[in-house]
Amino acid sequence: MVVQSLRPDALVHRFLTARAIMVNTSLDFCIGACAVPCARWLDHPGGGMAWDWHAMLPGGAALLAAGMPFRIAQQHWRFSGAADFWRLAWAAALAAFLYATGMALAGHGVPGPALPVIHALVLLVMLVGSRLTYQRWRLWRRQRRARGGQAGQYRVVLVADGRSADLFLHAASAPMAVTGMVVNGAHRRGRRIHGVPVLGTMEELDTVLARLCRTKAQPSPLLIVDPCCKGTALATVLRTAQAHGVQVRRMPDIAAVTAPEWSELYPVEIEELLNRPPVAPDFGRLADMLRGRRVLVTGAGGSIGMELVRQIARYAPASLILLDNGEYALWRIDVDLSEQAPQVPRHIVIADVRDPQRIEQVFAQYRPELVFHAAALKHVPMVEDNPCEGLLTNIEGSRVVADAARRHGTRAMVQISTDKAVNPSSIMGASKRVAEMYCQALDIMARRDGTDLRCITVRFGNVLGSAGSVVSLFRHQIERGGPLTITDPDMERYFMTVAEAVALVLQASACGLDSRPGEGEIDDMLRMGGIFVLDMGQPVRIVDLAHQMIVLAGLRPGQDIEIRFTGARRGEKLSEDLFHQREVPRPTGCRGLRMATPRTVDLALATSIMDAIVRACRTGDDRTALALLKELVPEFVHTGQPGDPAAPARRTDRERNAS
């Protein structure tokens with residue numbers, strides 16, 4: 001026989017476990033023994049408290065025997081809860097029965113019918129009371145240390161609701177000394193939860209913090225444990241806390257409340273301020289669209305492309321073809337997939353969407369059934385400085401991919417568009433509008449001719465945290481100590497998280513491929529060139545975003561970090577529009593999705609002008625290319641020509657109407 005030796009740490013763990021069980025067993029034995037005279041006194045108060053060891057020892061033994069099937073000796077007193085209460089109740093009842101039976105068999109007489117019941121109740125009170133007393137003692141000791149200001153202690157004020165406060169206080173460890181809480185609901189004002197006072201309501205946070213600062217009881221930090229504190233409510237908390245010089249932290253998981261270091265808590269993320277209710281996609285519908293399909297994603301190394309790849313991989317496609325012209329970008333997403341979805345076959349393709357021969361080769365080799373076209377040049381100032389490159393990538397690249405999809409029997413091509421394509425004032429926005437128009441015309445022709453290809457266009461605004469986004473820029477500038485640069489104090493944009501935008505893109509794709517009854521006559525709108533538009537909520541002022549990010553970093557706007565206005569750049573508008581003034585937003589029946597039916601053009605006319613734009617760009621004739629672009633997109637009002645100084649930002653129809 002081979003005897004395996006235990007590691008020293010395993011031996012220590014076994015010893016500590018055995019010691020804890022022995023302590024619990026000894027305490028339960030004492031409780032069982034002491035319950036006997038108490039029960040007898042309650043049954044016959046006139047007889048006094050009889051401490052008869054011949055009767056008490058069997059009482060302790062009876063409780064130990066009764067507790068074995070319910071494993072009460074293995075219970076953690078510190079974490080005892082409602083489930084343990086019922087175990088203790090059954091153990092107390094069984095112990096009283098065993099004691100009464102044993103004493104009768106031993107010839108000590110049959111007790112009265114009330115004594116076993118009283119005995120069981122006394123046992124239950126003593127078992128539950130001992131555990132609650134231990135928990136209260138731990139809480140009192142923690143609060144006493146906090147009041148004593150010992151090293152390593154933090155004076156924490158919670159922002160919580162009743163449930164989250166209960167969970168936190170039940171499990172919080174010594175470094176998190178809670179001195180009070182602010183809750184929702186005036187009915188809780190002046191009350192206590194686990195002995196911790198409710199200092200006020202969320203509406204009274206400013207008054208509460210002012211009072212704490214006057215009494216030198218300023219919290220460090222204000223800890224948000226309410227999972228519903230987001231959006232406008234969260235922004236109010238941040239503003240109020242910043243005015244009193246109090247940092248704000250959020251509890252990521254209730255399981256982390258015992259963390260010994262504050263690094264386990266995380267700062268509030270900027271995404272939490274969007275106040276957007278989560279829109280759950282139709283997982284069954286997405287699985288029907290993606291499972292077992294060959295899926296190609298262009299621009300797979302970009303922010304949108306990478307998230308598309310990650311989410312598509314969850315639905316078990318037959319294969320994923322990841323196409324990008326950047327080696328490093330493809331390497332990153334390949335590493336991600338090897339860790340998160342190693343079971344999904346994938347093909348890494350380095351290619352330029354502007355190269356017809358290479359794209360033709362890719363489609364012929366992999367025969368994709370679904371194509372998500374996310375490859376584009378999106379940075380407005382860069383495209384303004386390199387107009388021909390932007391036009392070739394966004395216009396010619398989209399056409400090359402769409403034509404290849406049509407020739408090779410692809411089921412659907414999904415074109416990722418932008419709100420900058422509406423009333424465009426930049427070359428980037430106008431080029432994306434041309435890509436929209438080509439896909440519209442191609443889809444209308446395919447539906448009219450009864451061919452399989454569907455060209456679905458999805459339009460949305462900015463995504464938080466994407467490469468080159470204003471959020472990434474602000475984070476970089478904060479790390480360097482400022483200043484934060486903003487083009488105009490009135491600049492505002494629509495924002496959405498990358499994950500939510502991609503989930504809705506997939507949802508729109510499924511709706512466009514297989515519309516169902518009650519979905520706002522999607523087929524009829526698509527036949528007219530309809531474009532899916534994501535519900536982006538309300539626009540956010542960039543200057544407000546900058547203030548919030550500075551506060552989230554624990555700094556003070558205008559004091560620790562300067563905000564500098566640099567003036568609007570070429571191609572920029574103060575506000576973006578999701579719909580043209582002549583477009584009426586139509587419902588789709590899918591949450592988070594609406595539809596626009598913008599102007600369409602004949603496919604032959606669009607192709608002719610696009611050919612001329614491409615020829616001009618290949619010869620470097622950007623003036624001719626922009627003139628042709630204006631011809632195809634008459635609503636394009638360029639706010640500056642290449643090489644000219646930046647012009648004032650263009651006012652949108654919404655701004656003109658507001659003024």
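The values are calculated or read from the model by the stated rules, or taken from the named source; none is laboratory data. Just so you know, these numbers come straight off a predicted model, no measurement behind them. Cβ sites come from the backbone with ideal geometry, for glycine too, and all protein chains shown count toward neighbours.
Structure above, values below:
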item	result
Subset of the range 414-428 [more than 30 Å from residue 293 (Cβ to Cβ), in a helix (DSSP H, G or I) and modelled with pLDDT under 90]	420
Which numbered condition residue 255 fails, given (1) farther than 29 Å from residue 461 by Cα; (2) modelled with pLDDT under 70; (3) of a type in the set (A, V, I, L, M, F, W, C); (4) part of a loop (DSSP other than H, G, I, E, B)	(4)
Strands (runs of 3 or more DSSP E) wholly inside the range 311-413 containing at least 1 residues that are surrounded by fewer than 16 Cβ atoms within 10 Å (Cβ to Cβ)	346-350
Single match in 364, 376, 404, 329 (criterion: out of contact with any Cys (no Cβ under 8 Å at 6 or more places or on another chain), closer than 29 Å to residue 291 by Cβ and at pLDDT below 90)	329
The range 402-434: number of residues that are farther than 30 Å from residue 569 by Cα, among the charged types (D, E, K, R) and touching a residue at least 60 places away in the same chain (Cβ under 8 Å)	1
Residues within the range 606-631 that are at pLDDT 90 or above, within 22 Å of residue 442 (Cα to Cα) and either aliphatic (A, V, I, L, M) or surrounded by 19 or more Cβ atoms within 10 Å (Cβ to Cβ) (or both), tallied	7
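Residues checked against (1) buried (at least 17 other Cβ atoms within 10 Å of the Cβ); (2) at pLDDT below 60:
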site	(1), (2)
175	yes, yes
219	yes, no
272	yes, no
277	no, no
